[in-house]
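The values are calculated or read from the model by the stated rules, or taken from the named source; none is laboratory data. Just so we're clear, the structure is a prediction, and the values are computed from it rather than from any experiment. Note: ideal-geometry Cβ built from the backbone for every residue, glycine included; neighbour counts use all protein chains shown. Note: accessible area is taken over every heavy atom of the protein model, side chains too, but ligands, DNA and RNA are not part of it. Shrake-Rupley method; radii C 1.70, N 1.55, O 1.52, S 1.80 Å.
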Amino acid sequence: MKKSRIIFLEGVSSSGKTTLAKALQARLPSPFFWLAGDTIWTMAPEKFKHDPEVIFPKIDAATINTIKLFSKLGIDVIVDMVPVIKSNKKFAKMLRGCPTLYVNVTCPVEELRRREQARGDRQIGLGESQLAGLSPPGFYDIIVDTHSHSSEECADQIIEMMNRLLRSPHA
């Protein structure tokens, strides 16, 4: 069985990854499962979430192996991750050989702050504090701006790029 396609969305908190992942699912002609980095995080026991030495290696291992399992099973997947440069570089290395499109999901800092304020469930400045963890220029296949373009327009840009770079394993 051929490995599936992976759309790897990397962006800071409140950049629009979740909304974009849902827009992609609605627009793609075949099923893509959505795996948010937060999904694995929510499975972790609360008492260990404040101990990065204990919990982060386990979350990294669970996340990368889940992505690889989906791919190995031929299940297309959208991955939604905040920038943790050490982890995401490791993910890229471990995903070699898997058809992966790397997408930077971005918007202006002022818009991040506005979204954090409007949501009410985010620490103001969280997204801005994560900017330094983004992968370096040249890492991404495409950059989409969720402020200047709607999530549907961004999804269309990603799908167009995916169709150019990644062949469907089911074709």
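Rg and Dmax over the alpha-carbon atoms of the chain stand at 15.7, 46 Å.
Averaged per residue, the range 73-169 has 53 square angstrom of accessible surface, using a 1.4 angstrom probe with ligands and nucleic acids left out. In summary, the aspartates and glutamates within cross-link reach of Lys90, defined as a Cα separation below 14 angstrom excluding same-chain residues under 8 places away, comprise Glu10, Asp60.
Averaging 1/r over every pair of different alpha carbons in the range 112-165 and inverting the result gives a Kirkwood radius of 13.2 Å.
At 1.306 mPa s and 10 °C, plugging the Kirkwood radius over alpha-carbon pairs of the range 1-102 into Stokes-Einstein gives what diffusion coefficient in µm²/s?
On the way: Rh = 14.1 Å.
Calculated translational D: 113 µm²/s.
The rule of thumb for compact globular proteins, 2.2 N^0.38 Å, goes into the C-alpha radius of gyration of the range 1-51 1.43 times. Available extension along the chain between His149 and Ile124 is 6.7 nm, counting 0.36 nm per residue and deducting the alpha carbon span. For the chain, carbon and sulfur atoms together expose 56% of the accessible surface, with a 1.4 angstrom probe and every protein chain in place.
Applying a DSSP loop filter and a limit of 16 other Cβ atoms within 10 Å to the chymotrypsin sites (Phe, Trp or Tyr not before Pro) in the range 93-164 leaves Phe139. Each residue, Lys90 and Glu46, gets one label point 7 Å from its Cα in the Cβ direction; the gap between the two is 2.7 nm.
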